[in-house]
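The values are calculated or read from the model by the stated rules, or taken from the named source; none is laboratory data. Computed from a prediction, not measured in an experiment: that's the story for all the values here. Neighbour counts are summed over all protein chains in view; Cβ atoms, including those assigned to glycine, are modelled from backbone coordinates with ideal geometry. When the accessible area is computed, the model is the full protein with side chains, heavy atoms only, and any ligands, DNA or RNA have been set aside. Shrake-Rupley method; radii C 1.70, N 1.55, O 1.52, S 1.80 Å.
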Amino acid sequence: MDKEISQAVIRRMPRYYRYLGELIDAGVERISSGDLSSRMNVTASQIRQDLNNFGGFGQQGYGYNVKYLYDEIGKILGLGEKHSIIIIGAGNLGQALANYVEFEKFGFAITALFDINPALKGRQVRGIAIHMIEELEAFTKEHPVDIAALTLPKSKAEAMASQLAGLGITAIWNFAHVDLDLAGQNVLVENVHLSDSLMQLSYNIAKDKPRHAAPQ
């Protein structure tokens, strides 16, 4: 696709996919942009603009065929392909990611975890082996790796990201508390900050509470 799509639009596409999946499960066959808008808290105009970036998919007076739109958005998101993921850092977060079976439904298969803790060597999480970090290079030579998920401390994330880039891995899902930018090395990075989401929730809680005047 030649047209440059904004990141704001791309961030909304998985939401559309998720809501459409729920509509399919509920037996809904078609839906208007207005009805979809009321479910998603996104304006009907925004929905139409977003989808028009990829061809539109709707029909005047009919709306959207739910299953067709779901399948087309899945193609846009690359969900028809299989993606192999390794996890660097087999602590609580790394193991939680490995235990999340829903990833596989969308074509993401976690194939290995890596850690520096020798006590974890040979253990498995949901049948997925934990390797030592010194085995990483050999593993990447023998197995395809599309995405590396980093669940490391901030102090170790940048060095590990550079190592992964050197091994030819071109996509990193970064949970470390640092924004990684490897565009110069042709590596795509998605930085995930769980604390940001929690702080947004905290703000929304705080803004509805009465403010106490500062002591005089």
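Provide the convex hull volume over Cα atoms per residue for the stretch 134-216, in Å³.
Dividing the Cα hull volume of the stretch 134-216 by its residues yields 133 Å³.
Can you give the angle from 0 to 90° between the axis of helix 66-76 and the longest principal axis of the chain, with both taken from C-alpha atoms, to the nearest 10?
40
If packing is taken as the average count of other Cβ atoms within 10 Å, what order do 119-126, 150-157 fall into, highest mean first?
In decreasing order of mean packing, 119-126, 150-157 become 150-157, 119-126.
How large is the charge dipole for the chain, taken about the Cα centre, if only the Cβ atoms of Lys, Arg (+1) and Asp, Glu (-1) carry charge, to the nearest 20 debye?
Computed about the Cα centre, the dipole is about 640 debye.
What residue among N41, N92, N53 shows peak mean-square fluctuation when the chain is described by a Gaussian network model with Cα springs under 10 Å?
Of N41, N92, N53, the Gaussian network model singles out N41 as fluctuating most.
Roughly how many debye, to the nearest 20, is the charge dipole of the stretch 122-185 about its Cα centre, given +1 on each Lys and Arg Cβ, -1 on each Asp and Glu Cβ, and no other charges?
It comes to approximately 260 debye.
Can you list the GluC sites (Glu not before Pro) in the stretch 22-103 that are in a DSSP coil and have 14 or fewer other beta carbons within 10 angstrom?
E29, E81
When only C-alpha pairs under 8 Å and at least 6 residues apart count, what is the relative contact order of the stretch 34-191, in percent?
It comes to 16 percent, rounded to a whole number.
Percent of accessible area on the chain owned by carbon and sulfur, 1.4 Å probe?
Reported share for carbon and sulfur atoms: 50 percent.
Per residue, what accessible area does the chain have, given a 1.4 Å probe and all protein chains present, in Å²?
Ligands and nucleic acids excluded, the result is 62 Å² per residue.
How fast does the stretch 32-71 diffuse by Stokes-Einstein, in µm²/s, taking the Kirkwood radius from C-alpha pairs at 37 °C and 0.692 mPa s?
Rounded, D is 323 µm²/s.
How large is the helix-only mean residue ellipticity at 222 nm for the chain, computed as the sum of -39500 (n - 2.57) over DSSP H runs with n ≥ 4, divided by its residue count, in deg cm²/dmol to the nearest 500?
The per-residue figure over the chain is -13000 deg cm²/dmol.
If I take every Cα pair under 8 Å that is 6 or more residues apart in the stretch 36-108, average their sequence separation and divide by the length, what percent do I get for the relative contact order?
In percent, rounded to a whole number, it is 21.
Report, in cubic angstrom per residue, the convex hull volume of the C-alpha atoms of the chain.
Dividing the Cα hull volume of the chain by its residue count gives 201 Å³.
Using +1 on the beta carbon of Lys and Arg, -1 on that of Asp and Glu, and nothing else charged, what's the dipole of the stretch 1-118 about the Cα centre, debye to 20?
Using only the charged Cβ atoms, the result is roughly 240 debye.
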